[in-house]
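The values are calculated or read from the model by the stated rules, or taken from the named source; none is laboratory data. Keep in mind it's a predicted model, so treat the numbers as computed, not measured. Cβ placement follows ideal geometry from the backbone for every residue including glycine, while neighbour counts extend to all protein chains displayed. Surface accessibility is based on the protein's heavy atoms, side chains included, excluding ligands, DNA and RNA. Shrake-Rupley method; radii C 1.70, N 1.55, O 1.52, S 1.80 Å.
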Amino acid sequence: MKLFCMLNLVLLLNASRAQLLRAPPTVNFLGTGAYSGSFTDVFSFTTNQASLSKVKTTSAGVYSEQRFMLSELRRFSGAVTFPCFSGGAGISLDHAGFNQYTESHAGIAYGRSLGEKLELGAQFNYYRVNIDGYGNAATFSFELGLVTKLTDKMFAGLHVYNPVGGRYGINSSEKIASAYSFGLGYEVSDIVLITGTIIKVESQLVNLNISLQYSFMKQAFLRGGITSATGSYYAGTGLRWKEITLAVAADWHTRIGLTSGLLLVCQLSKNKPEQ
C-alpha cells in the first residue's frame, strides 16, 4: 500500500499526459545566476548551458532535498564545472526515489562565447527509471542554451529542453516532456540580481518564475522567488568561507507543503590570470 501511494504521488507531481520532466522543486534556487555576468555558480548551467562560457575555475557542488518532507522522495544532485577548450564544461548527476522506485540522470555539457555578446551551450543526458518487480527503462535527450549580453548589466537567453525523442522504450507513449524557456537577468548592482524566466512545458500552462538574489555582505547572500504555475515560493540563504559555500533552501507549495534542501559548493582551483 505504501508503494502504491508513493508511486501515485510521483506520477502526480511529475507527469502530464504521460510526458515527464524531472526537476526538483528548488531548481529555480539552484539556477538563479544563469542569466547574469557575475552571479553564476556551479549549478547555473543546469538552467542554461551557455553560462558555462564564464567558467574560469574548477568547482564542484552537491545538493540534497527532501520533497514535501517525505523520506521516500529524497533527491541528490551533483555538478562539476571546469575550463575546457576556450570555454567551460559541466557534468551533472541526479538520483531520486526509494527502494522500490528510483530515477537517475547523468548529463555532460559544454558552453563557450562567440564574441563579446553571444554565448552558446549544449548538453546530452541519459535517464534511467527502475521499478521493483517491473524492471527498468532508459532514454536519452539533449538541450541547448543561448545567452546574449544586451547591456553591461542586462542579459537575455533562450533554452530548449528535449525538443525531440526522449521516449522510454520502443513505441512507448511515456516520454520526457519538451520544454522551452526565455530568461532575462538584470544586475541592479554588484550585489543585487533580478531575473525573470518564462517557461513552457509541453502540454502544461505557461509558467513565470521571478527571483531575486541579494549579497548583503561578502560572505553571505539571500535568494528567493515565486513560481506562478504552482503558486509556490522558494527562498534560501548561504554563507561563503574561503572556497566553500553552504546554503539552505526551501520551497513552499500551497497545497502539498514544504520541501527543504541543503547545498554545498567548493571551488577546487583558483582563477588563472588572463593572458
Some residue of the range 124-144 being assigned to a strand (DSSP E or B), in contact with a helix residue (DSSP H, G or I) (Cβ under 9 Å, 6 or more places away or on another chain) and farther than 22 Å from Arg167 by Cβ: no
Extreme residue, modelled with the lowest pLDDT, among residues of the range 201-212 that are open to solvent by 70 Å² or more (accessible area, probe 1.4 Å) and of a type in the set (A, V, I, L, M, F, W, C): Leu205
Residue that is most open to solvent (accessible area, probe 1.4 Å), among those in the range 38-72 that are modelled with pLDDT under 90 and of a type in the set (Gly, Ala, Ser): Ser38
Single residue of Ser260, Ser181 found to be within 29 Å of Pro163 (Cβ to Cβ), under 19 Å from the mean Cα position of the chain (by Cα) and surrounded by 15 or more Cβ atoms within 10 Å (Cβ to Cβ): Ser181
Which numbered condition Ala79 fails, given (1) open to solvent by 10 Å² or more (accessible area, probe 1.4 Å); (2) assigned to a strand (DSSP E or B); (3) modelled with pLDDT of 90 or more: (1)
Members of the range 93-121 found to be farther than 21 Å from Val62 by Cβ and in contact (Cβ under 8 Å) with a residue 40 or more places away in the chain, listed by number: Gln100, Tyr101, Tyr110, Gly111, Arg112, Ser113, Glu119, Leu120, Gly121
Criterion: farther than 16 Å from Phe43 by Cβ, open to solvent by less than 70 Å² (accessible area, probe 1.4 Å), in contact with a Leu (Cβ under 9 Å, 6 or more places away or on another chain) and modelled with pLDDT of 90 or more - qualifying residue of Ser228, Ser215: Ser215
Unmet criterion (only one of (1) open to solvent by less than 80 Å² (accessible area, probe 1.4 Å); (2) β-branched (Val, Ile, Thr); (3) farther than 17 Å from Ser44 by Cβ) for Ile198: (1)
Test result for Tyr134, touching an Asp or Glu at 6+ places or on another chain (Cβ under 6 Å) and more than 23 Å from Gly236 (Cβ to Cβ): no
Yes/no for Thr237 being at pLDDT below 90, within 27 Å of Met69 (Cβ to Cβ) and assigned to a strand (DSSP E or B): no
Residues that are under 29 Å from Glu103 (Cα atoms), among the hydrophobic types (A, V, I, L, M, F, W, C) and either surrounded by 20 or more Cβ atoms within 10 Å (Cβ to Cβ) or touching a residue at least 24 places away in the same chain (Cβ under 8 Å) (or both), drawn from the range 129-163: Val129, Ile131, Ala137, Ala138, Phe140, Leu144, Leu146, Leu158
Options Gly115, Gly166: the member that is on the phi > 0 side of the Ramachandran plot and open to solvent by 20 Å² or more (accessible area, probe 1.4 Å): Gly115
